[in-house]
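The structure appears right after this line, and notes come after that.
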Amino acid sequence: TILVCPYDKFDPKRYEGRVRVDPRIGGTSTMAIAMDFDQRIGVVYGSAYCGSVKKTLFTVMNYMLPTEGILPIHCSANEGEAGDIALLLGLSGTGKTTLSAVAERALLGDDEHGWSENGIANFEGGCYAKLIDLDPNKEPEIHKACFHEDDYLNHGAIIENAMMYPTGEFDLYDDRFTPNSRGSYPLKFLTNINESSTGTHPSTILFLTADANGVLPPVSKLTKEQAMLWFIMGYTSKLAGTETGVTEPKSAFSRFFGAPFMPRNPDDYASLLGKKLDEHDTQVYLINTGWSGGPYGVGSRMDIMLTRAMVAAAIDGSLKDVEYKQDEVFKVHVPTTCPGVDDPKILFPVNTWDNKDGYRERALKLAGDFAAQWDKAYADKGIDPAIAAECPGK
């Protein structure tokens, strides 16, 4: 049971030192989200953001399900015509919703799933998509789901925090209110869905990272040990609008691509993933949806159409038979060619940088960040040395 009091606020003086400092107001926060797992009661107090309710429920699921042998995953999931399942893991803003909503694959859901002994099942029954800069030509499925014409009593999509004028017209490119505008809609608004929101065991898993350093390959293949390592580390860059106070991309590590929502011991999730990868021979790829040609402020964001081509090649098996070259810094295996990518040079980030020495320096710095994070968070956790050996910088 969740009680939501969106417009009530804490007295900051009363709760000083008991809840976090809110950088927007420069003092004690006036809101809190709390859960009592024994009584199965949650409270969302002082937040009118729909995501607060959504992630409260997700946190509860993440706590309860591993004891049932179900791995909860912060991911989107879709299904091919042959029944093959792909999972796309990533933090907010890395592309889970955008890259999974494609007309040629049936969508199970865009953000929260469980992997049981029977396969994959969706938690939500709907989608929660970022709307800032949404281009109907590049993301037609999401745009249609949110803005298709219908009688207002039948429509049902919810537009949240987007700039809207008195005429009812939306400006999705205006972020003066907030970059974190959202669209909520039921799965049935999409062209191609799996109505049951369930499927078999995944044949492909994609880890999505938005690397603001511009040094990770746009697509690479991971061994089982590397998959465990990147799952545990959950590297990405926090993007503007995904969290309060984040105004430009910032490197971050969030275990299992969802640390705030994963309340159990890390090994509870990691060991379950390793077990399932072994049982089902699932192939894992790393997809960088971040920057190319330089870091944030110098390079440019990876073109969504190129990313879609790489994702499609990974999911349909086209990348199984190409040659790979191991990245000397990050240890991942980079394809020398990729179907749908006309210029294979872009597969190796150094080729997109004008300043080659700058690339090397930035790559080594990020590898050092990996090593420091591992030593800080996982060195004494008894994790398999074969997994630790795959950590960049080690």
Inset, instruction - Starting from the Cα-Cα distance between Ala371 and Thr223, subtract it from 0.36 nm times their residue separation and give me the gain in nm to one decimal. - result: 51.4 nm
Legend entry - Charged-residue dipole, Cβ positions (Lys, Arg, Asp, Glu), segment 124-184 about Cα centre, Debye nearest 20: 160
Inset, instruction - Give the label of the value calculated from the structure for Cα extents along the principal axes in Å, choosing from (i) 66, 51, 45; (ii) 56, 50, 47; (iii) 61, 49, 38. - result: (ii)
Inset, instruction - Would you be so kind as to identify which of Ser318, Thr289, Met305 lies farthest towards the positive end of the dipole of segment 241-394, taking Lys and Arg as +1 and Asp and Glu as -1 on Cβ and the Cα centre as origin? - result: Thr289
Inset, instruction - Between beta-carbons, use under 11 Å as the cut-off and find the net charge around Ala386, counting Lys and Arg +1, Asp and Glu -1. - result: -2
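How large is the charge dipole for the chain, taken about the Cα centre, if only the Cβ atoms of Lys, Arg (+1) and Asp, Glu (-1) carry charge, to the nearest 20 debye?
That gives the chain a dipole magnitude of about 1160 debye.
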Legend entry - Extension gain, Thr167 back to Asp267 (0.36 nm per residue minus Cα-Cα distance, nm): 30.8 nm
Inset, instruction - Quickly estimate the mean residue ellipticity at 222 nm for the chain, helices only: each DSSP H run with n ≥ 4 gives -39500 (n - 2.57), and the total goes over all residues, rounded to 500. - result: -7000 deg cm²/dmol
Inset, instruction - Find which of Leu172, Leu3, Gly17 sits farthest along the positive direction of the dipole of the chain, computed with +1 on the beta-carbon of Lys and Arg, -1 on that of Asp and Glu, about the Cα centre. - result: Gly17
Inset, instruction - Could you tell me which of the pairs Lys130/Lys381; Lys13/Lys54; Lys55/Lys365; Lys144/Lys331; Lys55/Lys394 are separated by over 31 angstrom between their Cα atoms in the structure shown? - result: Lys130/Lys381; Lys55/Lys365; Lys144/Lys331; Lys55/Lys394
Legend entry - Sequence ranges 92-98, 328-334, 300-306, ranked by mean other-Cβ count within 10 angstrom, highest first: 92-98, 328-334, 300-306
Legend entry - Computed Kirkwood radius, in angstrom, where 1/r is averaged over Cα pairs of segment 53-197: 16.0
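Let a ≥ b ≥ c be the square roots of the eigenvalues of the Cα gyration tensor of segment 135-227; is it rounded (a/c under 1.5), or, if not, prolate (a/b larger than b/c) or oblate?
oblate
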Legend entry - the chain - percent relative contact order, Cα under 8 Å, separation 6 or more: 14
Inset, instruction - Determine the share of the chain's accessible area contributed by carbon and sulfur atoms, expressed in whole percent, with a 1.4 angstrom probe. - result: 50
Legend entry - Ranked packing of 153-166, 359-372, 279-292, most packed first, by mean Cβ within 10 Å: 279-292, 359-372, 153-166
Inset, instruction - Go ahead and run the numbers for FRET between Arg301 and Lys275, Cβ-Cβ distance against an R0 of 56 Å, rounding to 0.05. - result: 0.95
Inset, instruction - Go through Tyr152, Leu91, Asn194 and say which Cα lies farthest out towards the positive end of the charge dipole of the chain; charges sit on Cβ, +1 for Lys and Arg, -1 for Asp and Glu. - result: Leu91
Inset, instruction - Go ahead and set up a Gaussian network model of the chain, Cα springs under 10 Å, then flag whichever of Glu112, Glu16, Glu323 fluctuates most. - result: Glu16
Legend entry - Formal net charge of residues neighbouring Glu112 (Cβ-Cβ distance under 14 Å; K, R +1; D, E -1): 0
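The values are calculated or read from the model by the stated rules, or taken from the named source; none is laboratory data. This one's a predicted model, so the numbers in the text were calculated from it and none came from an experiment. All Cβ positions, even for glycine, are placed from backbone atoms using ideal geometry, and neighbour counts span all protein chains on display. Remember, those area values only see protein heavy atoms, side chains included, never the ligands or the DNA or RNA. Shrake-Rupley method; radii C 1.70, N 1.55, O 1.52, S 1.80 Å.
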